[in-house]
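The values are calculated or read from the model by the stated rules, or taken from the named source; none is laboratory data. What you see is a predicted model; the values in this text were computed from it and never measured. Neighbour counts run over all protein chains shown; Cβ positions are idealised from the backbone, glycine included. Ligands, DNA and RNA are excluded from the accessible area calculation, which covers all protein heavy atoms including side chains. Shrake-Rupley method; radii C 1.70, N 1.55, O 1.52, S 1.80 Å.
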Amino acid sequence: MVRLLLSIQADLENVTDLVPASDSFDYFFQVKCSSCNEVHPKLVSVNSLEEREVTSGKGSTAHFVWRCGLCKRESSAKFDPSFKPQSYSADVNGQFAPFLTIDCRGLEFVGFDPRGTWRCVGAESGTVFDDVELGEGEWVDYDEKAALPVGISNIESKWTRA
Ligand SMILES: [Zn+2]
């Protein structure tokens, strides 16, 4: 088993504490088989509130179970029971910061697509923006209370061994 860390980086404009908007967020990852190095052609979604049975695991479960199309081996990935993603704050603006960890058996994640609904707050005003869509790679809005434009752009991600 290998524990992987996903770090993210973004340019925040007048906002802070970027995090998925709900606990049932679907994380879209690119997955690679550790046995034959085949990269699955499609992104897969992993949800920390949904578990499936691992065929080979005598009743054990995981948040992601995958059978490689090439070598047919089954692999899986699992979040910690206390899983929570770490919010991305303005303190680390423009730098990589730890976002989440996940335990992988027989697979590795090699990509992350930030599509889905996120939330963040105005850095000065505390205004909550809870409908932030990052699927296009960029989000812009206006903070009425602070009378400032707000935005998120240049989202990058990387996987490393935790
Ligand atoms: Zn394989």
Filter result for the condition that a residue is within 16 Å of the ligand (Cβ to nearest atom), surrounded by 14 or more Cβ atoms within 10 Å (Cβ to Cβ) and not charged (D, E, K, R), over G106, G151, G116: G106
Answer residue from segment 73-87, given it is in a strand (DSSP E or B) and open to solvent by less than 30 Å² (accessible area, probe 1.4 Å) and is nearest to L4 (Cα to Cα) among those: A77
Take the residues in segment 30-66 that are in contact (Cβ under 8 Å) with a residue 60 or more places away in the chain and within 16 Å of the ligand (Cβ to nearest atom); name whichever of them is farthest from N154 (Cα to Cα). S35
G69 is checked against (1) among the small types (G, A, S); (2) free of Cβ contacts under 8 Å to residues at least 24 places away in the same chain; (3) not in a strand (DSSP E or B) and fails just one. What number does that condition carry? (2)
So which of S125, S75, S56 ends up being modelled with pLDDT under 95 and over 13 Å from L12 (Cα atoms)? S56
L5 passes all but one of (1) out of contact with any His (no Cβ under 8 Å at 6 or more places or on another chain); (2) part of a strand (DSSP E or B); (3) within 14 Å of the ligand (Cβ to nearest atom); (4) among the aliphatic types (A, V, I, L, M); which number fails? (3)
Sort out which residues of segment 119-148 are open to solvent by 40 Å² or more (accessible area, probe 1.4 Å), among the charged types (D, E, K, R) and in contact with a Ser or Thr (Cβ under 8 Å, 6 or more places away or on another chain), and write them in order of number. D130, D131, E133, E138, E144, K145
Flag for F96 being open to solvent by less than 90 Å² (accessible area, probe 1.4 Å) and away from the ligand (no atom under 16 Å from the Cβ): yes
